[in-house]
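Engineer: Structure incoming, see below.
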Amino acid sequence: MQDSPDNTRMRFLLDLRRRGIGDQAVLRALEEVPRDAFLPAEMAAVAYADQALPIDCGQTISQPFVVAYMTEQLAMRPHHRVLEIGTGSGYQAAVLSRLAHRVVTIERYRTLADTAQARLNDLGFQNVEVIAGEGAQGAGDHAPFDRIRVTAAADTVPSALIDQLAVGGMLIAPLGPPDGVQHLTKVTKTETGEQRATLIPVRFVPLVAGKAQHL
């Protein structure tokens, strides 16, 4: 017999707690955002499985634990302005929007950007703005940001993103080669420079320079 949606989501949240996600605000945000609404209908049965899933334009929606872990590490507050690099389906931006005042999210594929903005609007996530553009350049017109989350891997953090981070702000990004082991890295900007901490190993699609010419 197939599980009810309520039971599936309950197991999803229990699994996150069991794996160490303890921030109640983060768990509540993940409970409030319907992950299945950000995936094709044929993927509804696996929407809450702890795995990355394919979306259009050769991109992916990250596994729930990684979404939760990155969000928890950013320690967001209701007054924060957040920049996300790599909108994808819009799911992670929706989670961020439950915890922050404003979310700006950049997607290099126009198709994904337009679809994500329409979906977010339809679902009532009104404090998210999706921009079609080059993620590595950030969104200087909207800076500074209290938090920045990068959902694509690079060898180093683009300097434009560090420049757009407020003093005292935090950035989290997967760093490492696209075909090898990457590690989430947390950068805290201080008055005198940066503090860095290496976190868990992950696998993300690469951060590609430029805006996509098609799609």
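Engineer: How many percent of DSSP beta bridges within the stretch 1-140 run antiparallel, rounded to 5?
Structural biologist: 15 percent
Engineer: Determine the per residue accessible area of the chain with all protein chains present and a 1.4 angstrom probe, expressed in square angstrom.
Structural biologist: Value returned for the chain: 47 Å² of accessible area per residue.
Engineer: Mind sorting out which of [x] 47; [y] 52; [z] 29 is the real percent of Cα pairs over 26 Å apart computed from the coordinates?
Structural biologist: Evaluating percent of Cα pairs over 26 Å apart on these atoms matches [z].
Engineer: So if each residue of separation counts as 0.36 nm, and I subtract the Cα-Cα distance between Ala45 and Thr198, what length gain in nm does that give?
Structural biologist: Full extension of this stretch gives 51.7 nm more.
Engineer: Further question on the same structure: Length gain on complete extension for the stretch Val167 to Val208, per 0.36 nm per residue less the alpha carbon to alpha carbon distance?
Structural biologist: Residue separation times 0.36 nm, minus the Cα-Cα distance, leaves 12.1 nm.
Engineer: Another question, then. Along the three principal axes, how long is the stretch 64-117 when you take its alpha carbons, biggest first, rounded to the nearest angstrom?
Structural biologist: Each principal axis gives a Cα extent; for the stretch 64-117 these are 31, 24, 14 Å.
Engineer: Any idea what the dipole of the chain comes to, in debye rounded to 20, about its Cα centre with Lys/Arg Cβ at +1 and Asp/Glu Cβ at -1?
Structural biologist: 380 debye
Engineer: Hey, any idea what % of the chain's accessible area is carbon plus sulfur with a 1.4 Å probe?
Structural biologist: Summing carbon and sulfur atoms, their accessible area is 50 percent of the total for the chain.
Engineer: Additional query: Modelled label-to-label distance, Arg28 and Thr156, 7 Å Cα→beta-carbon offset: nm?
Structural biologist: About 4.1 nm separates the two model spin labels.
Engineer: Using only helices, what value at 222 nm comes out for the chain when you add -39,500 (n - 2.57) per DSSP H run of length 4 or more and divide by the total residues, to the nearest 500 deg cm²/dmol?
Structural biologist: -8000 deg cm²/dmol
Engineer: Now for a separate question. Mind checking which helices in the chain clear 15 Å along their axis (Cα) and have mean Kyte-Doolittle hydropathy of 0.5 or more, DSSP H runs only?
Structural biologist: Result, helices passing both filters: 64-74.
Engineer: Separate question: Under 5 Å between amide hydrogens, which residues at least 5 positions from Arg203 or on another chain qualify, with H placed 1.01 Å from N in the peptide plane?
Structural biologist: none
Engineer: Counting alpha carbon pairs within less than 8 Å and at least 6 residues apart, what relative contact order, in whole percent, applies to the chain?
Structural biologist: 15 percent
The values are calculated or read from the model by the stated rules, or taken from the named source; none is laboratory data. Every value quoted in this text rests on a predicted model; they were computed, and no experiment measured them. Ideal geometry is used to build each Cβ from the backbone, glycine not excepted, and the neighbour counts take in all protein chains shown. Surface areas here come from the heavy atoms of the whole protein model, side chains and all, with no ligands, DNA or RNA. Shrake-Rupley method; radii C 1.70, N 1.55, O 1.52, S 1.80 Å.
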